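The values are calculated or read from the model by the stated rules, or taken from the named source; none is laboratory data. From a predicted model like this one, the values you see are computed outputs, not experimental measurements. So basically every Cβ, Gly included, is an ideal-geometry build from the backbone, and we count neighbours across all protein chains shown. For the accessible areas, the whole protein counts, side chains as well, though only heavy atoms, and no ligand, DNA or RNA atoms are used. Shrake-Rupley method; radii C 1.70, N 1.55, O 1.52, S 1.80 Å.
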Amino acid sequence: MTEPAAEDIRTHPNVQRVRKALDAVGLSSDIVILPESAPTAAAAAEQLDCEVGAIANSLIFSCAQEPILVLTSGAHRADTKLLAQAAGGSVGRGDPEFVRRHTGQPIGGVAPVGHPQPIRTFIDNWLARHDRIWAAAGHPYSVFPTTFDELMAATNGTAIDVQL
């Protein structure tokens, strides 16, 4: 498979929606195009030369058939029992079709912002340990730098512990 050109990624509609959403909330839209796809936190961290814990994994779950977005540190997995308590009902991982329907973005590139409709968001307290966090920007080759406080403000998120 041919790697997409950086300019093609920069102008991709998903990346443009994320850029517009970041601009709308007053955040820098310094989107970085990675040399390779970053489908995992480890892959992103390696390319960005940062700790895997500074990568904000964007996970989409279903709760009562509605999407919830969980931004969790790449250093660990989210405990679905804790998520269910925070969400107020049982949660299940969204399949690729569910993710794309609610975010407009593919798994591996789901950004915290830029979705067709706002998504209820929970943010892992662990991310606050990092001065700089990297989040996906709507495409598996794109990320942007941010902070815990910026993520909270941009998503109207709720800070929770996602791991015991």
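Structure data summary
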{"item": "Restricting the range 2-50 to residues that are under 21 Å from A75 (Cα atoms) and in contact with a helix residue (DSSP H, G or I) (Cβ under 6 Å, 6 or more places away or on another chain), the residue that is surrounded by the most Cβ atoms within 10 Å (Cβ to Cβ)", "result": "A38"}
{"item": "Residues of the range 51-63 classified as in contact with a Pro (Cβ under 9 Å, 6 or more places away or on another chain) and open to solvent by less than 20 Å² (accessible area, probe 1.4 Å), total", "result": "3"}
{"item": "Residues satisfying the stated conditions in the range 64-120, i.e. among the aliphatic types (A, V, I, L, M), open to solvent by less than 30 Å² (accessible area, probe 1.4 Å) and under 26 Å from V15 (Cβ atoms)", "result": "I68, L69, V70, L71, A78, V99, V110, A111, V113, I119"}
{"item": "Conditions (1) of a type outside the set (S, T, Y); (2) over 20 Å from V52 (Cα atoms); (3) surrounded by fewer than 23 Cβ atoms within 10 Å (Cβ to Cβ); number of the one not met by I160", "result": "(2)"}
{"item": "Filtered residues of the range 131-149 (kept if in a helix (DSSP H, G or I) and either touching a strand residue (DSSP E or B) at 6+ places or on another chain (Cβ under 6 Å) or surrounded by fewer than 19 Cβ atoms within 10 Å (Cβ to Cβ) (or both))", "result": "D149"}
{"item": "Search result, residues across the range 42-77 that are over 19 Å from P140 (Cβ atoms) and β-branched (V, I, T)", "result": "I68"}
{"item": "Tabulated pairs, the range 20-38, first within 12 Å of V113 (Cβ to Cβ), second of a type in the set (D, E), C-beta under 6 angstrom, 6+ apart or interchain", "result": "L27/E150; S29/D23"}
{"item": "Residue list for the range 102-130, filter: farther than 14 Å from I55 by Cβ and part of a loop (DSSP other than H, G, I, E, B)", "result": "G104, Q105, P106, I107, V113, G114, H115, P116, Q117, P118, I119"}
{"item": "Residues satisfying the stated conditions in the range 128-150, i.e. within 14 Å of A21 (Cα to Cα) and among the charged types (D, E, K, R)", "result": "E150"}
